[in-house]
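Novice: Have a look at this one.
The values are calculated or read from the model by the stated rules, or taken from the named source; none is laboratory data. From a predicted model like this one, the values you see are computed outputs, not experimental measurements. In this analysis, Cβ positions are derived from the backbone assuming ideal geometry, glycine residues included, and neighbour counts consider all displayed protein chains.
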Amino acid sequence: MRQCASLLTALSLTLLVTGCSISKSISSPFEWSSASSTSSSGSSSGDRSESYRNDVRDYTAAYVQSGGQFDTFNRGLSNIAAKHGVSNWESDNDTYVGIGQGLRKAGVTPSQLSVWKTNIAGGDSSKASAIQKGYDSYTK
């Protein structure tokens, strides 16, 4: 039964990451912010950065809670970045702050956070620091 639930969770995450919808009422996690990610003459880069971080946060939390392959996580981040006009998410500090916030939102413990930072930051202290900053700054 647990394998079936895990398979369903992984399938759901895959559908969400690829932007598919199961029905008209259940849609991609990237659609909730499509209006906020659309550029307009009245929006500032700070607003876009916050919207991007929030989308990364929510995606990360959903990913952590459902599990999945790391390459799937990276593809999802790439899709979010593209929707927000972020051309190089791997070097964008907001990506890592959003990841840290998402890890906190998902209930990752400080010891689990250490593992995530090691895996995601890949030895880059500025990325690890941004993840920690996001983790420390997020309150539910």
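Novice: Suppose the filter is surrounded by 11 or more Cβ atoms within 10 Å (Cβ to Cβ) and at pLDDT below 70; does Leu16 pass it?
Specialist: Yes; evaluated as a whole, the condition is true for this residue.
Novice: Hey, could you check the range 73-110 for residues that are among the small types (Gly, Ala, Ser) and either closer than 18 Å to Asp47 by Cα or more than 10 Å from the chain's Cα centre (by Cα) (or both) and say which is surrounded by the most Cβ atoms within 10 Å (Cβ to Cβ)? Even if it seems obvious, please write down each step before you answer.
Specialist: Taking the range 73-110 as the starting set, the residues that turn out to be among the small types (Gly, Ala, Ser) are 76, 78, 81-82, 85, 87, 91, 98, 100, 102, 106-107.
Narrowing further to those that are either closer than 18 Å to Asp47 by Cα or more than 10 Å from the chain's Cα centre (by Cα) (or both): 81-82, 85, 87, 91, 98, 106-107.
Values: Ala81: 20, Ala82: 13, Gly85: 12, Ser87: 9, Ser91: 12, Gly98: 30, Ala106: 17, Gly107: 11.
Among those that are among the small types (Gly, Ala, Ser) and either closer than 18 Å to Asp47 by Cα or more than 10 Å from the chain's Cα centre (by Cα) (or both), it is Gly98.
Novice: Test Arg53 against the criterion of being surrounded by 19 or more Cβ atoms within 10 Å (Cβ to Cβ), at pLDDT 85 or above and not small (Gly, Ala, Ser), and give yes or no.
Specialist: Answer is yes for this residue.
Novice: Taking Gln101, is it at pLDDT below 95 and either assigned to a helix (DSSP H, G or I) or of a type in the set (Asp, Glu) (or both)?
Specialist: Details: at pLDDT below 95: no; either assigned to a helix (DSSP H, G or I) or of a type in the set (Asp, Glu) (or both): yes.
When the stated conditions are applied, Gln101 does not pass them.
Novice: If you don't mind, there's one more thing I want to ask. Does the range 117-140 contain any residue that is touching a residue at least 60 places away in the same chain (Cβ under 8 Å) and assigned to a helix (DSSP H, G or I)? Give the derivation first.
Specialist: Taking the range 117-140 and keeping what is touching a residue at least 60 places away in the same chain (Cβ under 8 Å), we get 134, 138.
Those still in the list that are assigned to a helix (DSSP H, G or I) too: 134.
Yes: the range 117-140 contains one or more residues that are touching a residue at least 60 places away in the same chain (Cβ under 8 Å) and assigned to a helix (DSSP H, G or I).
Novice: Restricted to the range 65-87, and to residues that are closer than 20 Å to Ala106 by Cβ and assigned to a loop (DSSP other than H, G, I, E, B), which residue is modelled with the lowest pLDDT?
Specialist: Here the residue is Gly68.
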